[in-house]
1. Is there a residue being free of Cβ contacts under 8 Å to residues at least 12 places away in the same chain and among the polar types (S, T, N, Q) anywhere in segment 72-85?
2. Answer yes or no: is there a residue in segment 100-123 that is under 19 Å from Lys8 (Cα atoms), crowded, with 22+ Cβ neighbours inside 10 Å and outside the structural domain of Arg292 (by TED's automatic domain parsing).
3. Looking at the structure I just gave you, is Glu212 in the same structural domain as Ala60 (by TED's automatic domain parsing), under 27 Å from Ala64 (Cβ atoms) and in a helix (DSSP H, G or I)?
4. For Ile205, are the conditions met, namely being part of a helix (DSSP H, G or I), at pLDDT 90 or above and of a type in the set (Val, Ile, Thr)?
5. So how many residues does segment 8-18 have that are at pLDDT below 85 and either under 20 Å from His152 (Cβ atoms) or surrounded by fewer than 17 Cβ atoms within 10 Å (Cβ to Cβ) (or both)?
6. Being under 15 Å from Ala45 (Cβ atoms) and either touching a residue at least 12 places away in the same chain (Cβ under 8 Å) or polar (S, T, N, Q) (or both): is that true of Gly91 here?
7. Looking only at residues that are surrounded by 14 or more Cβ atoms within 10 Å (Cβ to Cβ) and among the hydroxyl-bearing types (Ser, Thr, Tyr) in segment 199-230, which one is farthest from Leu249 (Cα to Cα)?
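The values are calculated or read from the model by the stated rules, or taken from the named source; none is laboratory data. Computed from a predicted model, the values in this text were never measured in an experiment. Cβ placement follows ideal geometry from the backbone for every residue including glycine, while neighbour counts extend to all protein chains displayed.
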Amino acid sequence: MSASGGTKAIVAALLANLSIAAAKFVAFLFSGSSSMLAESVHSLADSGNQGLLLLGGKKAQRVATPQHPFGYGRERYIYAFLVSIVLFSVGGMFAIYEGYEKIKHPHEIKHWYWPVGVLVFAIIAETFSFRTAIKESNVLRGKKSWKEFVRHAKAPELPVVLLEDLGALVGLILALGGVGLALLTGDGVWDGIGTLCIGVLLILIALVLAAETKSLLLGESAGLEDVQKIEAAIVAGDTVTRIIHMRTLHLGPEELLVAAKIAVQHDDTATEIAGAIDAAEARIREAVPIARVIYLEPDIYSETEAAKGPDPEATPGGPTLDGAGH
């Protein structure tokens, strides 16, 4: 996986979650706290999620085959989507079930220092993991807000780790609050309420992840900045007079398909047009290195056809420039 996949952040989260899961489960055995059990399952699910992200990154590196001529870049989207399913089913639903059972059948927390000590340790470890994810994300985020980064990032790993770590930190605070109130009041119901809140939190995060990765799976166009660079690169030569229409599609986080119908002069020879297309492709790859699959179709621009409106081949939702071919 490339650096933009956030391998460092994934590994940091994996190591943190494995150690935290073990500590939480020990605390559950000694204290009987349902919040501790829910949190141990949460951390174990998160560890599995990081494993899925690493596996997806590895599988995405496979070379293209005749059956999959555009390669396996979308493997990373598929495994990120699986993460949201695991987080929803294993983490969220289990926590809700455990919280309901604890509210229905509350019992006293034993050896309070175990859950409290482990939660403090877990908060410190998760803070380190979250800090690493933030640092790795800032390299790619630029001037975007965090909301924009999560919504528009083409590499799914960093948004997934960010949301997981954020959910883990909030979940730990909820667990600490539930355990603390149960100890102060002597009523184990509070422990169950804390567990229930953790489950709701995990399900909400899972739904956000599912929505974002679904969009990537369906196929997203290049960002506005890259689209503008590609447009400028195409018309930078002397032969191509304009772009009639253009479409872009991410085949993976770091592989972009570009398809465009370009206008050339009616008296250009086939040799001149072929040379212009080759030059335009070279300029596109220089401007946007991830543009690896490029199809440029030459056509003659027609003012009459342009007057009729947008190109009939154009569809809503993609960048379309004025004009038409025939």
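1. No; the residues of segment 72-85 include none that is free of Cβ contacts under 8 Å to residues at least 12 places away in the same chain and among the polar types (S, T, N, Q).
2. The answer is no; no qualifying residue exists.
3. Judged against the criteria, Glu212 is a match.
4. Answer is no for this residue.
5. Adding up the residues that qualify gives 2.
6. Here the answer is yes, as Gly91 does meet what is asked.
7. Per the criteria, the residue is Thr213.
Residue by residue, here is whether (1) closer than 29 Å to Ala80 by Cβ; (2) of a type in the set (A, V, I, L, M) holds:
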residue	(1), (2)
Ile124	yes, yes
Arg141	yes, no
Lys147	yes, no
Lys154	yes, no
Leu158	yes, yes
Ala168	yes, yes
Gly188	no, no
Ile193	no, yes
Leu201	yes, yes
